[in-house]
Amino acid sequence: MKLGIIGLPGSGKATILEALTHYAADTGYKGDDRLQTVRVPEQRVEILSDMYKPRKTVFAQVEYFLPGRATQSAESGKTQNPLTRVRDCDALIHVVKNFSIYGGEAPTAADDWQSLDQELILADMIVVEKRLERIEQEKKRNRKIEQQELELLEECYQHLENERPLRQYPHLATAPLLKGFALLSAKPVLILFNNDDGDDSVPAITELADSENCMAVQGKLEQELAQMSAEEAAEFMLEFNISASVTDRVIKKSYRLLGLISFFTVGEDEVRAWTIHSGTQAVNAAAAIHTDIQRGFIRAEVAAYTDLIAAGSYAEARKQGVVRLEGKTYEVNDGDIINFRFNV
(Lines give C-alpha, C1' and ligand atoms only; values in the text may rest on other atoms or scores of the structure.)
Protein backbone atom coordinates (compact mmCIF):
# COMPACT_ATOMS: atom_id res chain seq x y z
CA MET A 1 0.00 0.00 0.00
CA LYS A 2 1.39 3.37 -1.05
CA LEU A 3 -0.11 6.55 0.40
CA GLY A 4 0.60 9.98 -1.05
CA ILE A 5 0.72 12.94 1.33
CA ILE A 6 -0.65 16.17 -0.13
CA GLY A 7 -1.62 19.57 1.26
CA LEU A 8 -1.25 23.29 0.76
CA PRO A 9 2.09 24.95 1.62
CA GLY A 10 2.36 25.41 5.38
CA SER A 11 -0.12 22.66 6.22
CA GLY A 12 2.56 20.61 7.98
CA LYS A 13 2.93 17.75 5.48
CA ALA A 14 6.58 17.10 6.40
CA THR A 15 5.70 17.17 10.10
CA ILE A 16 3.02 14.54 9.53
CA LEU A 17 5.37 12.38 7.45
CA GLU A 18 7.97 12.47 10.22
CA ALA A 19 5.34 11.67 12.85
CA LEU A 20 4.10 8.70 10.78
CA THR A 21 7.50 7.28 9.89
CA HIS A 22 9.65 8.24 12.92
CA TYR A 23 12.18 9.56 10.42
CA ALA A 24 13.38 13.15 10.21
CA ALA A 25 15.06 14.25 6.98
CA ASP A 26 18.17 16.38 6.91
CA THR A 27 17.31 20.05 6.47
CA GLY A 28 18.97 20.22 3.05
CA TYR A 29 16.70 17.50 1.61
CA LYS A 30 13.30 18.68 2.80
CA GLY A 31 12.36 20.05 -0.62
CA ASP A 32 12.96 16.71 -2.37
CA ASP A 33 10.57 13.85 -2.95
CA ARG A 34 10.50 11.68 0.16
CA LEU A 35 9.48 8.00 0.27
CA GLN A 36 9.48 6.17 3.60
CA THR A 37 8.43 2.60 4.39
CA VAL A 38 6.75 1.75 7.69
CA ARG A 39 6.05 -1.65 9.20
CA VAL A 40 2.33 -2.20 9.83
CA PRO A 41 1.90 -2.69 13.60
CA GLU A 42 0.29 -6.12 13.99
CA GLN A 43 0.07 -7.76 17.39
CA ARG A 44 -1.28 -10.97 15.85
CA VAL A 45 1.96 -11.44 13.89
CA GLU A 46 3.99 -10.97 17.08
CA ILE A 47 1.89 -13.56 18.94
CA LEU A 48 2.11 -16.06 16.07
CA SER A 49 5.84 -15.51 15.91
CA ASP A 50 6.15 -16.26 19.64
CA MET A 51 4.15 -19.44 19.04
CA TYR A 52 6.14 -20.73 16.04
CA LYS A 53 9.53 -19.14 16.71
CA PRO A 54 10.27 -18.98 12.97
CA ARG A 55 13.58 -18.11 11.36
CA LYS A 56 11.94 -15.04 9.85
CA THR A 57 8.96 -12.85 10.78
CA VAL A 58 7.60 -10.54 8.07
CA PHE A 59 5.12 -7.75 8.76
CA ALA A 60 3.05 -5.98 6.10
CA GLN A 61 4.41 -2.61 5.02
CA VAL A 62 3.05 0.81 4.08
CA GLU A 63 4.86 3.35 1.91
CA TYR A 64 4.35 7.07 2.52
CA PHE A 65 5.26 9.37 -0.34
CA LEU A 66 5.62 13.13 0.04
CA PRO A 67 6.28 14.90 -3.28
CA GLY A 68 8.82 17.70 -3.13
CA ARG A 69 8.52 21.19 -4.51
CA ALA A 70 7.36 21.89 -8.05
CA THR A 71 10.09 21.06 -10.56
CA GLN A 72 10.83 22.19 -14.09
CA SER A 73 11.06 19.57 -16.82
CA ALA A 74 14.44 19.59 -18.58
CA GLU A 75 12.77 18.55 -21.85
CA SER A 76 9.77 20.85 -22.06
CA GLY A 77 10.79 23.60 -19.67
CA LYS A 78 7.34 23.40 -18.08
CA THR A 79 6.85 23.36 -14.33
CA GLN A 80 5.60 20.01 -13.05
CA ASN A 81 2.86 20.12 -10.42
CA PRO A 82 3.82 17.94 -7.42
CA LEU A 83 0.32 16.45 -7.54
CA THR A 84 1.19 14.61 -10.76
CA ARG A 85 3.74 12.59 -8.79
CA VAL A 86 1.13 10.97 -6.52
CA ARG A 87 -0.83 9.40 -9.39
CA ASP A 88 0.64 5.96 -8.68
CA CYS A 89 -0.45 6.04 -5.02
CA ASP A 90 -3.29 3.82 -3.81
CA ALA A 91 -4.81 6.59 -1.71
CA LEU A 92 -4.10 10.14 -0.59
CA ILE A 93 -3.65 11.71 2.83
CA HIS A 94 -4.78 15.31 2.52
CA VAL A 95 -3.16 17.30 5.34
CA VAL A 96 -5.20 20.39 6.25
CA LYS A 97 -3.79 23.13 8.46
CA ASN A 98 -5.90 23.59 11.58
CA PHE A 99 -3.34 25.12 13.94
CA SER A 100 -2.54 28.71 14.84
CA ILE A 101 0.77 30.52 14.49
CA TYR A 102 1.61 33.24 17.01
CA GLY A 103 0.82 36.60 15.43
CA GLY A 104 -0.66 34.92 12.34
CA GLU A 105 -4.19 34.59 11.03
CA ALA A 106 -6.62 32.00 12.38
CA PRO A 107 -6.69 28.70 10.43
CA THR A 108 -9.25 28.39 7.63
CA ALA A 109 -9.56 24.59 7.43
CA ALA A 110 -12.70 24.50 5.26
CA ASP A 111 -11.29 26.88 2.65
CA ASP A 112 -7.91 25.13 2.62
CA TRP A 113 -9.50 21.71 2.11
CA GLN A 114 -11.70 22.95 -0.73
CA SER A 115 -8.84 24.79 -2.40
CA LEU A 116 -6.67 21.70 -2.85
CA ASP A 117 -9.64 19.47 -3.65
CA GLN A 118 -10.40 21.82 -6.54
CA GLU A 119 -6.81 21.39 -7.75
CA LEU A 120 -7.36 17.63 -7.90
CA ILE A 121 -10.55 18.15 -9.87
CA LEU A 122 -8.89 20.57 -12.29
CA ALA A 123 -5.96 18.19 -12.86
CA ASP A 124 -8.43 15.41 -13.73
CA MET A 125 -10.41 17.68 -16.04
CA ILE A 126 -7.27 18.32 -18.08
CA VAL A 127 -6.55 14.57 -18.38
CA VAL A 128 -10.13 13.68 -19.30
CA GLU A 129 -10.47 16.54 -21.75
CA LYS A 130 -7.29 15.54 -23.60
CA ARG A 131 -8.47 11.94 -23.90
CA LEU A 132 -11.88 13.03 -25.18
CA GLU A 133 -10.18 15.19 -27.80
CA ARG A 134 -8.09 12.21 -28.94
CA ILE A 135 -11.20 10.02 -29.17
CA GLU A 136 -12.91 12.68 -31.27
CA GLN A 137 -9.92 12.72 -33.65
CA GLU A 138 -10.04 8.93 -33.92
CA LYS A 139 -13.74 9.08 -34.77
CA LYS A 140 -13.03 11.57 -37.56
CA ARG A 141 -10.43 9.15 -38.97
CA ASN A 142 -13.05 6.36 -38.88
CA ARG A 143 -11.06 4.40 -36.31
CA LYS A 144 -12.82 2.05 -33.97
CA ILE A 145 -13.33 3.52 -30.50
CA GLU A 146 -14.26 1.97 -27.17
CA GLN A 147 -17.82 3.23 -26.69
CA GLN A 148 -17.96 2.36 -22.99
CA GLU A 149 -14.74 4.28 -22.33
CA LEU A 150 -16.18 7.30 -24.13
CA GLU A 151 -19.38 7.19 -22.07
CA LEU A 152 -17.45 6.86 -18.80
CA LEU A 153 -15.16 9.76 -19.68
CA GLU A 154 -18.09 11.96 -20.65
CA GLU A 155 -19.75 11.22 -17.31
CA CYS A 156 -16.48 11.98 -15.51
CA TYR A 157 -16.16 15.30 -17.28
CA GLN A 158 -19.72 16.24 -16.37
CA HIS A 159 -19.10 15.65 -12.65
CA LEU A 160 -15.72 17.36 -12.71
CA GLU A 161 -17.21 20.37 -14.47
CA ASN A 162 -19.74 20.53 -11.64
CA GLU A 163 -16.78 20.55 -9.21
CA ARG A 164 -17.52 17.08 -7.84
CA PRO A 165 -14.59 14.71 -7.09
CA LEU A 166 -14.86 11.32 -8.78
CA ARG A 167 -14.37 9.43 -5.50
CA GLN A 168 -18.00 10.28 -4.78
CA TYR A 169 -19.03 8.07 -7.73
CA PRO A 170 -17.75 4.53 -7.00
CA HIS A 171 -18.74 3.14 -10.42
CA LEU A 172 -16.39 5.69 -12.00
CA ALA A 173 -13.64 5.62 -9.35
CA THR A 174 -13.25 1.84 -9.71
CA ALA A 175 -14.04 1.43 -13.44
CA PRO A 176 -11.36 -0.85 -15.01
CA LEU A 177 -11.45 1.15 -18.25
CA LEU A 178 -10.43 4.31 -16.37
CA LYS A 179 -7.72 2.76 -14.19
CA GLY A 180 -4.90 3.71 -16.55
CA PHE A 181 -5.67 7.43 -16.21
CA ALA A 182 -4.89 7.34 -12.44
CA LEU A 183 -7.37 10.14 -11.85
CA LEU A 184 -6.52 12.01 -8.66
CA SER A 185 -10.02 12.91 -7.50
CA ALA A 186 -11.03 9.25 -7.92
CA LYS A 187 -8.54 8.07 -5.31
CA PRO A 188 -9.70 7.36 -1.75
CA VAL A 189 -8.78 10.30 0.48
CA LEU A 190 -8.18 10.53 4.20
CA ILE A 191 -8.51 14.16 5.27
CA LEU A 192 -6.13 14.68 8.16
CA PHE A 193 -6.59 17.87 10.16
CA ASN A 194 -3.28 19.03 11.63
CA ASN A 195 -4.41 20.56 14.91
CA ASP A 196 -2.92 22.64 17.69
CA ASP A 197 -1.48 20.79 20.70
CA GLY A 198 -4.31 19.80 23.03
CA ASP A 199 -6.95 19.77 20.28
CA ASP A 200 -7.94 16.28 19.12
CA SER A 201 -11.28 17.12 17.51
CA VAL A 202 -12.26 17.23 13.85
CA PRO A 203 -13.55 20.71 12.93
CA ALA A 204 -17.24 20.91 12.15
CA ILE A 205 -17.34 21.38 8.39
CA THR A 206 -20.77 20.69 6.91
CA GLU A 207 -19.50 19.63 3.48
CA LEU A 208 -17.39 16.86 5.03
CA ALA A 209 -19.91 15.42 7.46
CA ASP A 210 -21.28 12.58 5.34
CA SER A 211 -19.10 12.21 2.26
CA GLU A 212 -15.48 12.21 3.41
CA ASN A 213 -13.16 10.25 5.71
CA CYS A 214 -11.62 12.55 8.30
CA MET A 215 -9.47 12.41 11.39
CA ALA A 216 -7.58 14.92 13.53
CA VAL A 217 -4.01 14.73 14.81
CA GLN A 218 -1.84 17.02 16.88
CA GLY A 219 0.95 17.02 14.33
CA LYS A 220 3.74 18.78 16.21
CA LEU A 221 3.02 16.78 19.35
CA GLU A 222 3.02 13.50 17.39
CA GLN A 223 6.28 14.47 15.65
CA GLU A 224 7.94 14.95 19.04
CA LEU A 225 6.47 11.66 20.25
CA ALA A 226 7.96 9.85 17.25
CA GLN A 227 11.49 10.92 18.21
CA MET A 228 11.27 9.62 21.79
CA SER A 229 12.33 6.29 23.26
CA ALA A 230 9.58 3.73 23.92
CA GLU A 231 9.60 4.50 27.67
CA GLU A 232 9.43 8.27 27.15
CA ALA A 233 6.71 7.87 24.51
CA ALA A 234 4.55 5.77 26.85
CA GLU A 235 4.72 8.46 29.56
CA PHE A 236 4.10 11.21 27.03
CA MET A 237 1.02 9.44 25.60
CA LEU A 238 -0.39 8.90 29.07
CA GLU A 239 0.13 12.55 30.00
CA PHE A 240 -1.61 13.83 26.85
CA ASN A 241 -4.30 11.12 26.80
CA ILE A 242 -3.14 9.65 23.46
CA SER A 243 -4.36 6.05 23.22
CA ALA A 244 -2.30 5.01 20.18
CA SER A 245 0.40 6.55 18.00
CA VAL A 246 -0.55 8.45 14.87
CA THR A 247 1.10 5.66 12.84
CA ASP A 248 -1.27 3.05 14.30
CA ARG A 249 -4.33 5.25 13.90
CA VAL A 250 -3.62 6.33 10.33
CA ILE A 251 -2.76 2.80 9.16
CA LYS A 252 -5.97 1.38 10.64
CA LYS A 253 -7.99 4.16 9.04
CA SER A 254 -6.18 3.61 5.71
CA TYR A 255 -6.95 -0.12 5.75
CA ARG A 256 -10.65 0.64 6.27
CA LEU A 257 -10.55 3.36 3.61
CA LEU A 258 -9.16 0.93 1.02
CA GLY A 259 -11.15 -2.08 2.22
CA LEU A 260 -8.03 -4.08 3.13
CA ILE A 261 -7.64 -7.07 5.44
CA SER A 262 -4.76 -9.34 6.49
CA PHE A 263 -4.29 -13.08 6.39
CA PHE A 264 -1.30 -15.01 7.72
CA THR A 265 0.96 -17.87 6.72
CA VAL A 266 2.81 -19.64 9.52
CA GLY A 267 5.55 -22.22 9.96
CA GLU A 268 9.03 -22.84 11.29
CA ASP A 269 10.60 -20.99 8.37
CA GLU A 270 8.40 -17.90 8.36
CA VAL A 271 5.42 -16.17 9.92
CA ARG A 272 4.09 -13.53 7.57
CA ALA A 273 1.20 -11.10 7.13
CA TRP A 274 -0.34 -10.64 3.68
CA THR A 275 -2.57 -7.74 2.67
CA ILE A 276 -5.56 -8.27 0.37
CA HIS A 277 -8.89 -6.60 -0.34
CA SER A 278 -11.91 -7.66 1.69
CA GLY A 279 -14.00 -10.16 -0.27
CA THR A 280 -10.98 -11.70 -2.03
CA GLN A 281 -11.51 -15.37 -2.90
CA ALA A 282 -8.97 -17.96 -1.75
CA VAL A 283 -7.60 -18.62 -5.24
CA ASN A 284 -6.85 -14.91 -5.71
CA ALA A 285 -5.44 -14.55 -2.19
CA ALA A 286 -2.96 -17.28 -3.17
CA ALA A 287 -1.63 -14.96 -5.90
CA ALA A 288 -0.51 -12.51 -3.19
CA ILE A 289 2.10 -15.13 -2.28
CA HIS A 290 2.94 -16.40 -5.77
CA THR A 291 1.10 -16.78 -9.06
CA ASP A 292 2.22 -20.44 -9.23
CA ILE A 293 0.18 -21.14 -6.09
CA GLN A 294 -2.84 -19.50 -7.72
CA ARG A 295 -2.33 -21.46 -10.94
CA GLY A 296 -1.96 -24.81 -9.19
CA PHE A 297 -4.51 -24.15 -6.43
CA ILE A 298 -6.12 -27.30 -5.00
CA ARG A 299 -7.46 -26.37 -1.58
CA ALA A 300 -6.90 -23.85 1.21
CA GLU A 301 -6.41 -25.20 4.72
CA VAL A 302 -7.86 -22.47 6.92
CA ALA A 303 -7.98 -21.72 10.64
CA ALA A 304 -9.26 -18.53 12.21
CA TYR A 305 -6.65 -16.69 14.26
CA THR A 306 -8.82 -16.71 17.40
CA ASP A 307 -9.43 -20.48 17.09
CA LEU A 308 -5.72 -21.23 16.73
CA ILE A 309 -4.77 -19.10 19.72
CA ALA A 310 -7.53 -20.67 21.83
CA ALA A 311 -6.34 -24.16 20.83
CA GLY A 312 -2.72 -23.33 21.63
CA SER A 313 -1.22 -25.15 18.65
CA TYR A 314 -2.06 -26.09 15.06
CA ALA A 315 -2.14 -29.79 15.96
CA GLU A 316 -4.65 -29.15 18.74
CA ALA A 317 -6.72 -26.92 16.45
CA ARG A 318 -6.95 -29.84 14.01
CA LYS A 319 -8.06 -32.17 16.81
CA GLN A 320 -10.76 -29.67 17.80
CA GLY A 321 -12.03 -29.54 14.20
CA VAL A 322 -11.49 -25.82 13.73
CA VAL A 323 -9.08 -26.31 10.82
CA ARG A 324 -11.06 -26.73 7.61
CA LEU A 325 -10.52 -27.17 3.88
CA GLU A 326 -11.92 -24.49 1.58
CA GLY A 327 -12.18 -24.24 -2.22
CA LYS A 328 -11.32 -21.54 -4.74
CA THR A 329 -14.39 -19.39 -4.10
CA TYR A 330 -13.98 -19.16 -0.31
CA GLU A 331 -13.86 -15.50 0.75
CA VAL A 332 -10.87 -14.96 3.00
CA ASN A 333 -11.62 -13.35 6.36
CA ASP A 334 -9.41 -10.93 8.26
CA GLY A 335 -7.11 -12.96 10.52
CA ASP A 336 -7.38 -16.25 8.60
CA ILE A 337 -4.33 -18.46 8.86
CA ILE A 338 -3.98 -20.28 5.54
CA ASN A 339 -1.88 -23.11 4.20
CA PHE A 340 -2.41 -23.37 0.43
CA ARG A 341 -2.31 -26.81 -1.15
CA PHE A 342 -1.28 -26.61 -4.78
CA ASN A 343 0.33 -28.57 -7.59
CA VAL A 344 2.17 -26.97 -10.50
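The values are calculated or read from the model by the stated rules, or taken from the named source; none is laboratory data. Quick caveat, the model's predicted, so the values are computed rather than measured. Positions of Cβ are backbone-derived with ideal geometry, glycine not excepted, and every protein chain shown enters the neighbour counts.
Quick one: residue 217 ticks every box in (1) surrounded by fewer than 21 Cβ atoms within 10 Å (Cβ to Cβ); (2) more than 23 Å from residue 276 (Cα to Cα); (3) in contact (Cβ under 8 Å) with a residue 60 or more places away in the chain bar one, so which box is it? (1) is the only condition that residue 217 fails.
Cβ-Cβ distances below 7 Å connect no pair with a first residue in segment 232-245 that is free of Cβ contacts under 8 Å to residues at least 24 places away in the same chain and of a type outside the set (Lys, Arg), a second residue that is part of a helix (DSSP H, G or I) and surrounded by fewer than 11 Cβ atoms within 10 Å (Cβ to Cβ), and a separation of six or more residues or different chains. Within segment 3-59, the residues that satisfy the criterion of being assigned to a helix (DSSP H, G or I), under 28 Å from residue 119 (Cα atoms) and modelled with pLDDT of 90 or more are 13, 14, 15, 16, 17, 18, 19, 20, 21.
Pairs linking a residue in segment 95-110 that is assigned to a helix (DSSP H, G or I) to a residue that is surrounded by fewer than 22 Cβ atoms within 10 Å (Cβ to Cβ) and not polar (S, T, N, Q), with Cβ atoms under 8 Å and 6 or more positions apart or on different chains, are 109/203; 109/205; 110/203; 110/205; 110/207. Could you please let me know if residue 328 is over 23 Å from residue 58 (Cβ atoms), basic (Lys, Arg) and in contact with a Phe, Trp or Tyr (Cβ under 9 Å, 6 or more places away or on another chain)? Spelling it out, residue 328 is indeed over 23 Å from residue 58 (Cβ atoms), basic (Lys, Arg) and in contact with a Phe, Trp or Tyr (Cβ under 9 Å, 6 or more places away or on another chain).
Does segment 294-307 contain at least one residue that is surrounded by fewer than 18 Cβ atoms within 10 Å (Cβ to Cβ) and under 23 Å from the mean Cα position of the chain (by Cα)? For segment 294-307, residues surrounded by fewer than 18 Cβ atoms within 10 Å (Cβ to Cβ) and under 23 Å from the mean Cα position of the chain (by Cα): absent. Taking first residues from segment 288-308 that are at negative phi and hydroxyl-bearing (Ser, Thr, Tyr) and partners that are in a helix (DSSP H, G or I) and at pLDDT 95 or above, the Cβ contacts under 9 Å between residues at least 6 apart in sequence or on separate chains come to 305/44; 305/47; 305/48. Would segment 199-209 turn up any residue that is crowded, with 19+ Cβ neighbours inside 10 Å, under 30 Å from residue 126 (Cα atoms), modelled with pLDDT under 95 and out of contact with any Gly (no Cβ under 6 Å at 6 or more places or on another chain)? Yes - at least one qualifying residue is present in segment 199-209.
Scanning segment 146-163 for residues that are exposed (fewer than 15 other Cβ atoms within 10 Å of the Cβ), closer than 20 Å to residue 114 by Cα and either within 22 Å of the chain's Cα centre (by Cα) or without any contact (Cβ under 8 Å) to a residue 40 or more places away in the chain (or both) gives 158, 161, 162. Number of residues in segment 164-177 that are assigned to a helix (DSSP H, G or I) and either in contact (Cβ under 8 Å) with a residue 40 or more places away in the chain or among the aliphatic types (A, V, I, L, M) (or both): the value is 5. List the number of the failed condition for residue 180; all other conditions in (1) of a type outside the set (Asp, Glu); (2) more than 21 Å from the chain's Cα centre (by Cα); (3) part of a helix (DSSP H, G or I); (4) farther than 30 Å from residue 221 by Cβ hold. It fails just one condition, (2).
Against the condition more than 17 Å from residue 62 (Cβ to Cβ) and not in a helix (DSSP H, G or I), how does residue 298 come out, does it pass? Taking the combined requirement at face value, the residue satisfies it.
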